[in-house]
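As structure tokens, the structure follows; a few thoughts come after it.
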Amino acid sequence: MRPLPDPPLLLITDRHQAGGDLASVVAACVSAGCRWVSLREKDLPRDHQSALLMRLRPVLAQVGGVLTIHGDMALGSLCDGVHLPDGGDIVTARALLGPDALIGTSCHDRDGVAAAARDGADYATLSPIFLTPSKPGYGPALELGVLSGLPLPTLALGGVDGGNAGACIGAGAAGVAVMGTIMRDPASAGPILSALAATRGRKPGI
């Protein structure tokens with residue numbers, strides 16, 4: 001199993017919420033401390049997504065960061081791995097991309113995380129932990145208790161910010177994932193990263 005990037009903050013892109021050119025916004029987020037970015041622009045044609053990956057690769061590479069793609073495992077070979085949708089074919093993604101690829105999946109309950117672990121995922125996101133303006137109507141919020149005792153490194157997703165990121169780690173999350181908050185304001189990564197840093201030494205592997 002490939003370890004999670006350090007720090008364990010996954011930035012999920014959304015150009016519709018970004019204040020400007022997506023690659024420029026991602027570069028600002030990386031400057032703010034993000035080291036793990038997943039391109040989630042699934043409404044774009046594959047060639048447009050590929051072009052975006054090519055623009056983002058050097059941005060992450062220059063800081064030793066990790067770049068993954070949401071959804072399209074065929075594009076995973078252009079970056080460091082793939083994040084699959086709930087119920088995505090983890091076994092096929094592993095066979096296609098190899099043992100060194102970072103492969104994750106979206107989950108919305110504990111059973112989904114358990115299934116992802118059995119299929120060999122490196123991590124899962126679990127959402128929504130809190131209600132989120134990025135995806136109104138998703139819910140109800142799972143709340144922090146769902147993060148305890150999971151069989152796979154799991155990122156808390158949904159409504160995560162600098163005020164509650166540390167509580168997610170304390171509840172059992174291996175990290176956090178954020179989309180709209182940082183896309184709209186790259187500087188908001190700072191408080192989240194500070195909260196994650198404050199958890200070091202209190203939880204193995206973080």
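The values are calculated or read from the model by the stated rules, or taken from the named source; none is laboratory data. All of these numbers come straight from a predicted model, not from anything done at the bench. All Cβ positions, glycine included, derive from the backbone under ideal geometry; neighbour counts span all protein chains shown. Only protein heavy atoms, including side chains, enter the accessible area calculation; ligands, DNA and RNA are left aside. Shrake-Rupley method; radii C 1.70, N 1.55, O 1.52, S 1.80 Å.
A quick yes/no check of all residues on (1) in a strand (DSSP E or B); (2) within 21 Å of I90 (Cα to Cα); (3) in contact with a helix residue (DSSP H, G or I) (Cβ under 6 Å, 6 or more places away or on another chain):
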position	(1), (2), (3)
A117	no, yes, no
G145	no, no, no
A156	yes, yes, yes
G163	no, no, no
I169	no, no, no
A177	yes, yes, no
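Exactly one of (1) out of contact with any strand residue (DSSP E or B) (no Cβ under 7 Å at 6 or more places or on another chain); (2) open to solvent by less than 30 Å² (accessible area, probe 1.4 Å) is unmet by D100. Its number?
Result: D100 fails condition (2) only.
Taking the residues in segment 29-69 that are within 14 Å of the chain's Cα centre (by Cα) and among the small types (G, A, S) as candidates, determine which candidate is least open to solvent (accessible area, probe 1.4 Å).
Per the stated criteria, the residue is S38.
Picking from D80, D86, D43, D72, which residue would you name as being free of Cβ contacts under 8 Å to residues at least 24 places away in the same chain, acidic (D, E) and either out of contact with any Leu (no Cβ under 9 Å at 6 or more places or on another chain) or more than 25 Å from L196 (Cα to Cα) (or both)? Working first, answer last.
On the way: D80 fails: either out of contact with any Leu (no Cβ under 9 Å at 6 or more places or on another chain) or more than 25 Å from L196 (Cα to Cα) (or both); D86 fails: free of Cβ contacts under 8 Å to residues at least 24 places away in the same chain; D72 fails: free of Cβ contacts under 8 Å to residues at least 24 places away in the same chain.
Result of the check over D80, D86, D43, D72: D43.
Search segment 1-26 for residues that are under 14 Å from S38 (Cα atoms) and pair each with any residue that is of a type in the set (G, A, S) and open to solvent by 50 Å² or more (accessible area, probe 1.4 Å) when their beta-carbon atoms are under 7 Å apart and the residues are at least 6 apart or on different chains.
V25/G19
Would you mention how many residues in segment 179-192 are buried (at least 20 other Cβ atoms within 10 Å of the Cβ) and in a helix (DSSP H, G or I)? Reasoning before the result, please.
Let us first name the residues in segment 179-192 that are buried (at least 20 other Cβ atoms within 10 Å of the Cβ), namely 179, 181-183, 186, 189, 192.
In the following step, the residues that additionally are in a helix (DSSP H, G or I) were identified as 181-183, 186, 189, 192.
Qualifying residue count for the region: 6.
Select from segment 124-149 the residues that are closer than 12 Å to H108 by Cα and modelled with pLDDT under 90 and write down the one among them that is surrounded by the fewest Cβ atoms within 10 Å (Cβ to Cβ).
My answer is P140.
Hey, does segment 61-69 have a residue that's over 15 Å from G104 (Cβ atoms) and hydroxyl-bearing (S, T, Y)? Full working, then the answer.
Residues of segment 61-69 that are over 15 Å from G104 (Cβ atoms), as a first pass: 61-65.
Among the residues that remain, those that are also hydroxyl-bearing (S, T, Y) are: none.
No, because not a single residue in segment 61-69 is over 15 Å from G104 (Cβ atoms) and hydroxyl-bearing (S, T, Y).
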